[in-house]
1. If you rank M187, M234 by fewest surrounding Cβ atoms within 10 Å, what's the result?
2. Given the convex hull of the Cα atoms of region 204-322, what is a quarter of its surface area in nm²?
3. Quick check: residue separation of D91 and D146 times 0.36 nm, minus the Cα distance between them. What number comes out in nm?
4. Where is the GNM fluctuation largest for the chain (alpha-carbon springs, 10 angstrom cutoff): A94, A84, A72?
5. Over the chain, with a Gaussian network built from C-alpha contacts below 10 Å, which listed residue (V216, V201, V149) shows the highest mean-square fluctuation?
6. Would you work out which of T158, T220, V275 lies farthest towards the positive end of the dipole of the chain? Charges go on Cβ: Lys and Arg +1, Asp and Glu -1.
7. As I understand it, the dipole of the chain uses +1 on the Cβ of Lys and Arg and -1 on the Cβ of Asp and Glu, about the Cα centre. Which of F148, I319, G206 lies farthest toward its positive end?
8. Separation of region 168-209 and region 219-251 by C-alpha centroid, Å?
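What follows is calculated from the coordinates using simple rules that are stated; it is not laboratory data. Everything quoted here is computed from the prediction, not taken from an experiment. All Cβ positions, glycine included, derive from the backbone under ideal geometry; neighbour counts span all protein chains shown.
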Amino acid sequence: MTSPDTNETTNEKIAGLTRRSVVKGAAWAAPVVAYAAVVPQASASLPPCVGSVNATGGSYPVNVGVAGCTVANTHWDFQFKITAAAEASCDCDAVLVTFYDNPDRSQLWLNQSTDQPQRYVRKTLALGATGTFPEEGDNVYNVSNDAFVGTIVAPGLTQDALHCLINPSGSGAPPSGGSCDDTDGPMATYLVQCIQDGTPVDFPDGQGEGSINICVPQLTATMCDLPGAGNFRMHITVSNACGLPTSNFVVTNIQQNNDTNFPNEGFSVWSGNQVVGAGVDIDFNTGSGQDQFWISFTPDGGTNIVRNRIEFSGFPGTIGAC
């Protein structure tokens, strides 16, 4: 990728800047486009002076379209944590990170019905520090003219994250065609620049460029009716492990409501710490007829919390006996 911000002074290359002068003892390999699930990307595949890139918790399917794509469970909200390398492995004073959406697949500023121009957020990271992209208070700008678009707001509101299209299975972009045409490519890209003596400079040969394309762990569930008023059993299995052991998957909460967009609405019918493994049964009691069940789980020891929404249409009348 060539950064589209070629007219900005922060992207100007300075003659004579060498790899050795920027990174101490780095193994210079071209950045890899994809990294798996919520497992940290291997350091050898990251741009120089980047220690790790991870998704952060809170992702869930939102029941509104992105750029006209309205296939169920394809719109997920994401934030990403980028950590600058420690001083021992980076000769920069700090790093400047510019985080770009991919208009074919993601939007930093959501428009449900139409495509948007490419946009970015930008922040400086001290060595060893971690930044969240995007987060509340970040300013969003157009790539084409650096015009200010708006400010990222608190989670749960419209302009609160990177709005990204994924396959309902969690693996990659949704198939092109119909309302989801041309939804390929990475979730996002980013450019890392070395700040030396107060001036951001490019790493040579495009080494500061990276792409993000995570796999999203997914659960699925069935339900049956137990004896006694309001008693039910939910059988939960891992439908997409993203290469992680299923024994790592732990269910922490089941929320019941009638909302297809907000998992914190309604009430909890069960909470705890239940390993999924090859499959697990969770019994609970509810007197409500609300048909949306949000399963919160962690696939990585609590670093990330993912929420899957399972709809049991017509609940409870459509639930058969166990």
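1. M234, M187
2. On the way: hull surface 36.1 nm².
The directionally averaged projection comes out at 9.0 nm².
3. Contour length minus the Cα-Cα distance gives 16.9 nm.
4. A72
5. Highest fluctuation among the options: V149.
6. Value: V275.
7. Working it through, the farthest residue towards the positive pole turns out to be I319.
8. Using only Cα atoms to place each centre, the spacing works out to 34 Å.
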